[in-house]
Each structure stands twice: as structure tokens, then as C-alpha cells.
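Here the structure is laid out as C-alpha cells; the discussion comes afterwards.
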Amino acid sequence: MSGLNGKKVVLTGTRRLEEISSLVESRGGIPLIRSTQGQVCPTEKELEPYIHRLIQGDYDWVVLTTGSGTETILKVAETLGLGEEVKTALRRTKIALRGYKTQNVVKSLGLAPLIRDEDGTTTNLIKTLASHHLKGKRIAIQLYGEPIPELNEFLEKEKVQYDELYPYRYLTPDPGVLDTLVKEILECEVQGVALTSAVQVRNLFHHG
């Protein structure tokens, strides 16, 4: 990132905003926070029954898609007094994961995934999963606020029984913020927009 002297850069996420703002400022830019992602709504109570199922050995596979989501599941388990039980259950369960952040969290727990994607994409994760016999297996999928249609389609085609675990969900972003951002873009009042997730892009383009 260079040549930002005096340029306004919109940040549309909700995480690490202070750090990213400082980065923009260090390059001479002016950060503007316009979250198109919406607030994150924790769903700890929704996780409890799935945590018990994991401990009971109801899943053959666990698919982890984000580092923060994986950490949230473990934190909820700790709150329930089941942290060690969950770690033990994960050690005996086949783990598939996506993304280097998820890999780092899993590694920090001393766990070894059976498979992981090669490039951080769902497409590659599905390709890797397809090399294993999954028909009739029971899988828990940790999601990141919304479903992954292509993964659902693949699992249904493979006749897999699966549960979707949502450590958090995204709430609808403030329409006033979206109105402001659309106006700024159309009137060329900003010189850059940092979009870092699919939900941010979708909310912006579907607004209005």
C-alpha cells in the first residue's frame, strides 16, 4: 500500500479496525470506517447441544472454516466446563480445515488435521474432501455467520449427514452507513474501499 497521501480509504469490516486504520495513516491516507458487514451476534447457546454431540462421538468429521469461529467453540466449551472433553473429542475425530488462521488455532491446540485446503478457498476444501469416502458419515461444519451453499450442495450430493455450527452470525448493517458509502463512491468522495469478505461485498451491492 503506497501513494496514499491525502487519499480517503474506506474500511468496511468490523475487526482489527484500529490496526488497519493505523496502517492507512502510516501511508499518508485517511481511513473512514463504514462497516457493511454488520455487527457480529454471538450464538453461544446454539453451540451447546453440538458441543455435547461432539463429546459423545456423534461426528465422524469436523470441518473448521475460520480461526475465530474455532476459538469461539472452544471458549464456549470452557465456559461449560467441557474444554478438555472437547479437545479430547477433536483428537479422535477427523478434522478438515480451511485457511491459515484456522490452521494456526488448530496447531496451537496440538491437533493435527487430516486434510486442509491448499489455497484458503472453499472450492479447494471441497476438492480435498472429495478424495475421501464420506457417504453416510456425520459431519459438523463450523461456519462464519452464513451458510456456504457450494459446500452444502457437495455434502448433500455425497449423502452426508451434517450439522451447521454458527459461533456467530452477522446482523444487518446500518442502512444509513450504506447510504453514506454509496453516496461517497458515486460522488468520488473516496479513493479506495477495502472489502475483505463476501458478506461485505454482498451487503454493499444489494443495498437499495
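Which of the residues spanning segment 186-208 are more than 20 Å from the chain's Cα centre (by Cα), in contact (Cβ under 8 Å) with a residue 12 or more places away in the chain and assigned to a loop (DSSP other than H, G, I, E, B)? Within segment 186-208, 189, 190, 191, 207, 208 meet the criteria. Looking at 180, 128, just one residue is of a type outside the set (Asp, Glu) and farther than 26 Å from residue 73 by Cβ, and that residue is 180. Is one or more of the residues making up segment 86-103 within 23 Å of residue 185 (Cα to Cα), surrounded by 14 or more Cβ atoms within 10 Å (Cβ to Cβ) and within 19 Å of the chain's Cα centre (by Cα)? Taking every residue of segment 86-103 in turn, none turns out to be within 23 Å of residue 185 (Cα to Cα), surrounded by 14 or more Cβ atoms within 10 Å (Cβ to Cβ) and within 19 Å of the chain's Cα centre (by Cα).
Out of all the residues in segment 62-82, which are hydrophobic (A, V, I, L, M, F, W, C) and part of a helix (DSSP H, G or I)? Result: 73, 74, 76, 77. When segment 36-61 is filtered for residues that are in contact with a strand residue (DSSP E or B) (Cβ under 8 Å, 6 or more places away or on another chain) and outside any helix (DSSP H, G or I), the ones remaining, listed by number, are 37, 38, 39, 40, 41, 42, 43, 58, 59, 60, 61. Of the residues screened, residue 104 is not one that is in the same structural domain as residue 149 (by TED's automatic domain parsing), outside any strand (DSSP E or B), touching an Asp or Glu at 6+ places or on another chain (Cβ under 9 Å) and over 18 Å from residue 166 (Cβ atoms). Applying a threshold of 8 Å to beta carbon distances and a minimum spacing of six or more residues, or different chains, the list of pairs starting in segment 121-139 at a residue that is assigned by TED's automatic domain parsing to the domain that holds residue 102 and ending at one that is of a type in the set (Phe, Trp, Tyr) and assigned to a loop (DSSP other than H, G, I, E, B) reads 138/59; 139/59.
Would you call residue 75 without any contact (Cβ under 8 Å) to a residue 24 or more places away in the chain, assigned by TED's automatic domain parsing to the domain that holds residue 139 and not β-branched (Val, Ile, Thr)? So residue 75 passes the test. Of all residues in segment 166-193, those satisfying the criterion of being in contact with a Gly (Cβ under 8 Å, 6 or more places away or on another chain) and crowded, with 17+ Cβ neighbours inside 10 Å are 166, 167, 168, 170, 173, 178. Just give me the residues in segment 107-148 being closer than 23 Å to residue 47 by Cβ and part of a helix (DSSP H, G or I), in sequence order. Selection gives 107, 108, 122, 125, 129. Spot the failing condition for residue 85; the list is (1) assigned to a helix (DSSP H, G or I); (2) touching a residue at least 40 places away in the same chain (Cβ under 8 Å), and only one is missed. Of the numbered conditions (1) assigned to a helix (DSSP H, G or I); (2) touching a residue at least 40 places away in the same chain (Cβ under 8 Å), the odd one out for residue 85 is (2).
The values are calculated or read from the model by the stated rules, or taken from the named source; none is laboratory data. Only a predicted model underlies this, so the values are computations on that prediction, with no experimental measurement involved. No Cβ is skipped: glycine too gets one built from the backbone with ideal geometry, and neighbour counts run over all protein chains shown.
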